[in-house]
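Presented below is the structure to which this report refers.
The values are calculated or read from the model by the stated rules, or taken from the named source; none is laboratory data. In this text the structure is predicted, and so the values were computed from the model without any measurement. Ideal geometry is used to build each Cβ from the backbone, glycine not excepted, and the neighbour counts take in all protein chains shown.
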Amino acid sequence: MIALRQAPLARAVTRPWPSGDDPVLAGFDPAGLALLARLTVAKRLEKIALALPVTARLLGLRFEDVGSAFVAASPPADPTRLAGATAFVAFLAAMPENGLPPWLLDTAEFELAFLLARLQGDDRPAPTPSGTAVRRRPATVLRAFDWDVLPLFGAGAPPGSVERAPLFVASVGNAREATPRVYALVPEVFALAASLDDWQPVETLPTARVEALVRRGILEVR
């Protein structure tokens, strides 16, 4: 009986304001449940803020309201930071702007790609541009944006420094380094990297571009 109630109880207490009329909560102390709910919500929002700090800063005072709406709509299926951040970005994508910065979603997706690259990073040594076949490294995350959000990630960058301009980014994770490397690419080079999901013969590709991408760790050779 206890096991049968654990999952619905967990969903109930992860709502910002658990309802006393919920039959799942019958027999539990309302004040204790309310405290548990507040602590659980605060913990989820803390994880999101750690994973998406610039996004949280852009939301400012609205972060708690938006975050609480997200928690109410999205019971936690996976406790990892990546899962929570991914779900939050999807929630932002479905939200109306309502006065929020139009580049907020691009900022969140930029940070999510950065987090994904960091988690996928391996400890292989830096590649060298030699070999007969090439592909994109698994730890490379490519994203294209409508807004140039890169200035937001500089020290003390003001939100007004964002311009509506296409941005093509490769985030490259490596376990030997504390943080992924981020490269802004021209559209042609981005398209080349995006096309190399699997091994392709080096001789069929533009040599200079391939060598530059390999040196940056975006591609790997064999």
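A few comments on the model shown:
- If only residues of the stretch 161-194 that are modelled with pLDDT under 90 and within 21 Å of PRO102 (Cα to Cα) are counted, the one that is surrounded by the fewest Cβ atoms within 10 Å (Cβ to Cβ) is SER161.
- Take the conditions (1) within 14 Å of ALA170 (Cα to Cα); (2) in a loop (DSSP other than H, G, I, E, B); PHE110 misses just one of them, which is (2).
- Unmet requirement for PHE114, which otherwise passes all of (1) surrounded by 13 or more Cβ atoms within 10 Å (Cβ to Cβ); (2) outside the structural domain of PHE145 (by TED's automatic domain parsing); (3) not aliphatic (A, V, I, L, M): (2)
- Residues within the stretch 195-214 that are surrounded by fewer than 15 Cβ atoms within 10 Å (Cβ to Cβ) and either closer than 23 Å to LEU150 by Cα or in contact with a helix residue (DSSP H, G or I) (Cβ under 9 Å, 6 or more places away or on another chain) (or both), tallied: 1
- Scope the stretch 11-37; condition modelled with pLDDT of 60 or more, part of a helix (DSSP H, G or I) and surrounded by 15 or more Cβ atoms within 10 Å (Cβ to Cβ); matching residues: ALA34, LEU36, ALA37
- Residues satisfying the stated conditions in the stretch 43-74, i.e. out of contact with any Asp or Glu (no Cβ under 9 Å at 6 or more places or on another chain) and among the aliphatic types (A, V, I, L, M): ILE48, ALA49, LEU50, ALA56, LEU58, LEU61, VAL66, ALA69, VAL71, ALA72, ALA73
- Boolean, THR86 is of a type in the set (Val, Ile, Thr), closer than 22 Å to PHE153 by Cβ and not assigned by TED's automatic domain parsing to the domain that holds THR179: yes
- Just one residue in the set ARG57, ARG135, ARG81, ARG143 is more than 17 Å from the chain's Cα centre (by Cα) and either of a type in the set (Asp, Glu) or surrounded by fewer than 21 Cβ atoms within 10 Å (Cβ to Cβ) (or both); that residue is ARG135.
- The listed residue being more than 19 Å from ALA51 (Cα to Cα), surrounded by fewer than 20 Cβ atoms within 10 Å (Cβ to Cβ), modelled with pLDDT under 90 and not assigned by TED's automatic domain parsing to the domain that holds ARG216, out of PRO158, PRO96, PRO125, PRO129: PRO96
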